[in-house]
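Reviewing the structure listed below.
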Amino acid sequence: MSFTEFRFFLFAAIVILAYYLLPKKIQWLVVLAASVIFYLTYGWRKIIFILLATWITWATGAWISNVYQKEADATTAKKRCKPVLLLSVGILIALLLYAKIGSWVIETMTQLLEFQQLSSIEIIVALGVSYYTFSLISYLADVYWRKDQAEHSYFRLLLFTIYFPKILQGPISRHKYLAPQLREFHKFDYREFCYGLQLMIWGYFKKMVIADRLAVVVNTVFGTPDAYAGSHFLVAACFATVQLYCDFSGCMDIAGGFSQILGLKLEANFNHPFFSRSAAEFWRRWHITLGTWFKDYVYMPLAVSPTLIGVSKKLRQKFGPRVGKSVMTVVPLAIVWILTGLWHSTGWNYVVWGLYWGAMIICSNVFAPEIKKLNRLLHINTEVGSWKVFQMVRTFLLFTVGRILTVPGDLAVSGKIFQKLLFDFQPAVLVDGSLYTLGLDRPNFILGVLCIFILWTASMLQEKGSVRDRIAGCNIVFRWAIYYIAFFSILIFGMYGPGYDAASFVYMNF
């Protein structure tokens, strides 16, 4: 059951009514039951993995907490807990790898060893496995570091893990942030209900009107790469960038809006990333919870590890302070970005994608003094508005290049596309009407471009303050006119109907 299916609307209405009409002390049970039912709509076998992963995490967290309570010396307790922590995290990662590379391993073994019997083995991929695995690992690490309290109830931890608005595409929630909210009683709040509904409508507009419309062009052009010129791929790649943003952030808005109706607040996962002026800033604004997870649980532990500090000191003595300092940044960043690429997929295209972003961020970090000197040498005023606009456009194009690496799913195809962009651009097709033959007719293509402009305008307003607060301050006639326009624009211009599948979200595959 996806957020774009009609049965989800019925399901959501029933959940909201039960949540507020039944006794408040069982609100968490209502959400838990709803989450289990939602998960079961994707198949009963998938739920076994999340139940098992949650039980392993719950038992480990409870054991670590018990050791800390009984052991007088904190250092001794930590040493006792570390092997158990590593074992549990290893099991969780093994379950994640089973889902991520199980099919690839079986296919490879079948081809290399000619074990045809293996080809009949079915790999069951649990829904949201990447998201809930990372959430559970962060929970265990926080309990081990004594930054969070262990959950004594297995079912309370299960609710945190399986909470259905976030299970499809995240965010990667932290237990210490979301779990306390799930324990509290929540009264119906009309203001929060309206704000949540507005956010959901905006999410559906981004997903069904913009993302699914642009996806038609993206799938058409990238689906038959030999049939199109470089200019076609430029348009399709730019559309692919906006499509991914609207698809992913649209899902976040739907999940966040529904949670707000229930009186809950999910972590922010996007902050208008295409207003970023650098690659590093972009990844502080895009998929925020993934970035902060890698920072807290991979980057920082590596950066302060005695081994890396020792290597840095030796290099500092031999090659100077700058080299020693750079190692402290380069090594953790390189590992983080390789893992980030593998988190998305195990294909070589995502490994290269991770190295692509990692190299940019590392170079901008290491060579920051040289970049400043170059700007002064070229007399570039980095404070004027035109330079800031240039930086934003540059960030957008850098992300678009990354999309060319990942959308085709094959590095060889990506290479051909780059060749066409460089040597077979054919700019005339941008104005001869052939853009209207890429899956969308002229009215739908123009509507897609117009919607991108609406998205940009709304994002500019959001950067200056809450748009929902501004709408709430309007008189009732104007306010409800906005609601009706937004709602009917989705009904009229949304991409759905016979022969069209708007059920899946891009990041459901991760």
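Values in this text are rule-based calculations from the coordinates and carry no lab data. None of these values were measured; they are calculated from a predicted model. Cβ sites come from the backbone with ideal geometry, for glycine too, and all protein chains shown count toward neighbours.
Sort largest first and round to whole Å: the equivalent ellipsoid semi-axes of the stretch 303-365, each the square root of five times a Cα gyration tensor eigenvalue.
Output for the stretch 303-365: semi-axes of 27, 12, 7 Å.
Listed by chain and number, the lysines placed with their C-alpha closer than 25 angstrom to that of LYS187 are LYS24, LYS25, LYS166, LYS176, LYS265; residues fewer than eight positions away on the same chain are left out.
Partner lysines whose Cα lies under 16 Å from the Cα of LYS100, excluding those fewer than 8 positions away in the same chain, are identified as LYS46. The lysines whose alpha-carbon is closer than 20 Å to the alpha-carbon of LYS70, local same-chain residues fewer than 8 away aside, are LYS78, LYS79, LYS82, LYS147.
Only helices reaching 27 angstrom along their own axis (Cα) with mean Kyte-Doolittle hydropathy no lower than -0.5 count here, and for the DSSP H runs of the chain these are 44-70, 74-113, 230-261, 321-344, 385-406, 442-464.
One entry in (1) 1.00; (2) 1.16; (3) 1.05 is Cα Rg over 2.2 N^0.38 Å calculated from the shown coordinates; its label is (3). Highest average first, the peptides 374-387, 244-257, 227-240, 460-473 ordered by how many other beta carbon atoms sit within 10 Å of their residues are 244-257, 227-240, 460-473, 374-387.
Quick check: Cα centre of the stretch 440-455 to Cα centre of the stretch 322-368, how many Å? One Cα centre to the other: 36 Å.
Taken about its Cα centre, the stretch 6-187 carries a charge dipole of roughly 700 debye when the Cβ of each Lys and Arg holds +1 and the Cβ of each Asp and Glu holds -1. For the peptides 186-195, 43-52, the ranking by packing is 43-52, 186-195, with the highest mean count of neighbouring Cβ atoms within 10 Å listed first. Among 429-435, 209-215, the peptide with the highest mean count of other Cβ atoms within 10 Å heads the list, and the full ranking is 209-215, 429-435.
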